[in-house]
Amino acid sequence: MSKKSSGVDRREFLVGVSALSLSAPLLAYTKAPKRQKAQVVIVGGGYGGVTTAKYLKKENPGLDVVLIEERPFFMSCPMSNHFLAGLMELTPLCFSYNVLEAKYDIRFVNDKVLGVELDKRVVRTSSGYIAYDYLVLSPGIDYDIEDKPFYRDSLVFNPPAFKPGSEHIYLKRLIEDFEGGDIVITVPTPPYRCPPAPYERAALIASMIKRDKLKAHIYFIDANERPPVNSEGFLTAYYDLYKDIATYVTSAQVRDVDVHKKVVSTSHGNFKYEIANIIPPMKASSLLEDAGLLKKGQKWVEVNPLTFETSVRNVFVIGDASQSYLPKSGYAAHSEGKLVAKLINARLRGKEIKEEFLQMICYAMVSDREAIMTETAFRYDAVSKRFIPTHREDNQRKESTARRYEEWARGLWRDLFG
Amino acid sequence: MDRRSFIKTCTTIAVASMVDAKVFSEVLAQQKDSMFQAYKRALLIKEDGSPLKESDLKPHETYIFFYPHVATPCYLLNLNEEIPAQDISLKDGKSYKWPGGVGSKKSIVAYSAICAHQWSYPTKGYSFINYYPPDKPSDTTKKAGIIQCCAHLALYDPKKGASVIDGPAEAPLATIVLQEEKDGFYAIGVLGKDQFSQFFETYRADLRQQYGSTAKAKEPVDKCTVMEVEKYVKEVIRC
């Protein structure tokens, strides 16, 4: 246990233990006191939040950093399609936040954030307030389903598996129990989390059908005209490998999901399914809306594109929740976390940092052995105030790219929790 | 001074005393920010045990050896042209004098093969970090004469102390300082920001499997067997 674990000092903790030990189970340990203070509070323990916390402390070990996350452990969404398709166990995707406390003295608060009061500079959790000087919000996405209530039922029956955890485990079970019939997978229009993910998932499920010689067919219903990235690589793989077992329906809008009759109604007809992976549209976490960082009608938080700072000084939004030139992905959130950590540390020393442009790399499996990839470098044009991307795709599916993919993910995990 | 840094200092002094005093002070004297770490001197040898000669190194071929620990891989390259010394500046404001190439043409350089970004390194199975000779550019970045890691496209310039050309790495690859003597080439220490502590921490399980224990993986070497990377690595992954 680190000196400052969970914001309770040793004496308080011991007193708490002796008072509780006679009569109650040890509940008090992870609860924050009613009011505490930290120099930097980070909300969200995904790729963005963990990276920010670690890099803040790596460069500035004396800094007081609190990381608040409601899930008790980290699960990676990158590589989770490998898990769904049986190419990887769940264990390598999961990490304990304890490592961050033990190694870097980051105070981990396993709690739900109920609100952010920007005017008072406090974060409200279910067990008290935490005041901050700097706030980094990396809460990820919510499903954007308010105006389409049919998605709400569907969430329960047809897990989207775009938020890490039980959704993936439930979808994996559905896939494992599947013995044949029709599978429906739907894709919303961007921006959504991890643009190539639904296309990879469709390819991997098709490859499982092929491997197990199941009597099954995939209806892959895409709101887009074509995959937004690696279009050539995905379409070639679908045609070469899965044309007999999958139908790709493009520019199709989902209109209803009847979870009892197991039918998805779309602008291109109705599709009955045995199992379905209905991926709803997405928006920034509702926490940001409640905090007043989202204007009416906005789905993502506007930030300074070079610093990820919001209109409120020393309040940053990174990761999928921000409206950025980078696609929504764990890799982008990780890069943004490093940048914001550098910026906060510099600001604490009374300095500002030079502009940095982040790069994007995405990989996607197109079969159980082969992958394709894309890389985008960005340059900022100060005159037009726009980011100019240089986009490179390797659409030739290769086993070596699949190995690079795994090393890409393992490298990120080493960086996050190593 | 805490116990750990005291022991580290003692070890450094102990190792330093095994190093040729003249050579040691020469390299060290040039370093402002104590970016040079002396290790046990180790002769570079061929697989048959004889000292490696300059003529054994084909231009632009990648050779692998392990230094300063039995488990820490390094790449040795003959870049076939004079590689001059230069100043290397790090992002944290530190800097060091990079000594350039060794050998009759001053064309031979050596670097730690642990990527400074997220520590990919050549294993017996795969190598994601590789040298791309001038006539074999990368398919992805189209660049040649570089060291590139295919996991996240970190690019380093072997002619400039493996400083970062492009991609996400924050620091150059660490340099293995080579010294040419009458009987051959010696590795004498590491210059720049090494990644050894992260390496041993991160790969504990893998190293235990390959070497029996982390302690064994950390043992210092006194001879370095040099071989073509393809002889050590089953699949060299280029991109």
Out of A:163, A:148, A:213, A:243, report the one residue that is at pLDDT below 95 and surrounded by fewer than 22 Cβ atoms within 10 Å (Cβ to Cβ). A:148
Based on this model, can you work out whether residue A:279 counts as under 24 Å from the mean Cα position of the chain (by Cα) and within 19 Å of residue A:77 (Cβ to Cβ)? yes
All but one of (1) more than 20 Å from residue A:302 (Cβ to Cβ); (2) more than 10 Å from every other protein chain (Cβ to nearest Cβ) hold for residue A:338, so report the exception by its number. (2)
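Being at pLDDT below 95 and more than 30 Å from residue A:240 (Cβ to Cβ) is true for just one of A:355, A:336, A:302. Which residue is that? Please lay out each step first, then the result.
Working: A:336 fails: at pLDDT below 95; A:302 fails: at pLDDT below 95.
Of A:355, A:336, A:302, the one residue that is at pLDDT below 95 and more than 30 Å from residue A:240 (Cβ to Cβ) is A:355.
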Counting residues that are among the polar types (S, T, N, Q) and closer than 18 Å to residue B:52 by Cβ, which strands (runs of 3 or more DSSP E) fully inside segment B:155-225 reach at least 1? B:175-181, B:223-225
Every pair of residues 6+ apart whose Cβ atoms lie under 7 Å, when the first sits in segment A:194-210 and is within 17 Å of residue A:179 (Cα to Cα) while the second is modelled with pLDDT under 95 and outside any helix (DSSP H, G or I): none
Residue list for segment A:53-84, restricted to those being of a type outside the set (Lys, Arg) and out of contact with any strand residue (DSSP E or B) (no Cβ under 8 Å at 6 or more places or on another chain): A:55, A:59, A:60, A:61, A:62, A:77, A:78, A:79, A:80, A:83, A:84
What is the number of the single condition among (1) over 17 Å from the mean Cα position of the chain (by Cα); (2) surrounded by 20 or more Cβ atoms within 10 Å (Cβ to Cβ); (3) of a type in the set (A, V, I, L, M, F, W, C) that residue A:137 does not meet? (1)
Exactly one condition in (1) closer than 30 Å to residue A:207 by Cα; (2) buried (at least 20 other Cβ atoms within 10 Å of the Cβ) is not met by residue A:338; state its number. (1)
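Being of a type outside the set (Lys, Arg) and under 19 Å from residue A:78 (Cβ atoms) narrows it down to one of A:197, A:216, A:223, so name that one.
Numbers: A:216 fails: under 19 Å from residue A:78 (Cβ atoms); A:223 fails: under 19 Å from residue A:78 (Cβ atoms).
On inspection, the qualifying residue turns out to be A:197.
Look through segment B:115-136, keep the residues that are in contact with a Pro (Cβ under 7 Å, 6 or more places away or on another chain) and more than 8 Å from every other protein chain (Cβ to nearest Cβ), and return whichever of them is farthest from residue B:198 (Cα to Cα). I'd like the intermediate steps shown before the answer.
Step one: of segment B:115-136, the residues in contact with a Pro (Cβ under 7 Å, 6 or more places away or on another chain) are B:116-117, B:121-122, B:129, B:131.
Narrowing the set further to residues that are more than 8 Å from every other protein chain (Cβ to nearest Cβ) leaves B:116, B:121-122, B:129, B:131.
Working: B:116: 10, B:121: 12, B:122: 15, B:129: 17, B:131: 23 Å.
Only one residue tops the list, namely B:131.
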Tally the residues that are surrounded by fewer than 21 Cβ atoms within 10 Å (Cβ to Cβ) and either free of Cβ contacts under 8 Å to residues at least 12 places away in the same chain or over 16 Å from the mean Cα position of the chain (by Cα) (or both), restricting the search to segment B:183-216. 16
List the helices (runs of 4 or more DSSP H) that sit entirely inside segment A:50-161 and contain at least 1 residues that are in contact (Cβ under 8 Å) with a residue 60 or more places away in the chain, closer than 25 Å to residue A:343 by Cβ and of a type in the set (A, V, I, L, M). A:98-104
Testing residue A:157 on (1) in contact with a Lys or Arg (Cβ under 9 Å, 6 or more places away or on another chain); (2) under 26 Å from residue A:289 (Cα atoms); (3) at pLDDT 95 or above; (4) surrounded by fewer than 21 Cβ atoms within 10 Å (Cβ to Cβ), one condition comes back false. Which one is that? (2)
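Going through A:177, A:119, A:182, A:133 one at a time, which residue ends up being under 28 Å from residue A:335 (Cβ atoms) and either aliphatic (A, V, I, L, M) or modelled with pLDDT of 95 or more (or both)?
Numbers: A:177 fails: under 28 Å from residue A:335 (Cβ atoms); A:119 fails: under 28 Å from residue A:335 (Cβ atoms); A:182 fails: under 28 Å from residue A:335 (Cβ atoms).
Sole residue among the options that is under 28 Å from residue A:335 (Cβ atoms) and either aliphatic (A, V, I, L, M) or modelled with pLDDT of 95 or more (or both): A:133.
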Matching option when the condition is touching a residue at least 40 places away in the same chain (Cβ under 8 Å), in contact with a strand residue (DSSP E or B) (Cβ under 7 Å, 6 or more places away or on another chain) and within 14 Å of chain B (Cβ to nearest Cβ), among A:325, A:273, A:331: A:331
Considering residues of segment B:137-152 that are free of Cβ contacts under 8 Å to residues at least 24 places away in the same chain and out of contact with any Lys or Arg (no Cβ under 8 Å at 6 or more places or on another chain) only, the residue nearest to the other protein chains (Cβ to nearest Cβ): B:142
Tally up the residues in segment B:184-224 that are away from chain A (no Cβ under 14 Å) and closer than 28 Å to residue B:96 by Cβ, please. 18
What number of residues within segment B:153-166 satisfy the criterion of being within 14 Å of chain A (Cβ to nearest Cβ) and touching a Gly at 6+ places or on another chain (Cβ under 9 Å)? 3
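The values are calculated or read from the model by the stated rules, or taken from the named source; none is laboratory data. Small disclaimer: the values here were computed from a predicted structure and weren't measured. Note that each Cβ is placed from the backbone with ideal geometry, even for glycine, and that neighbours are counted across all protein chains shown.
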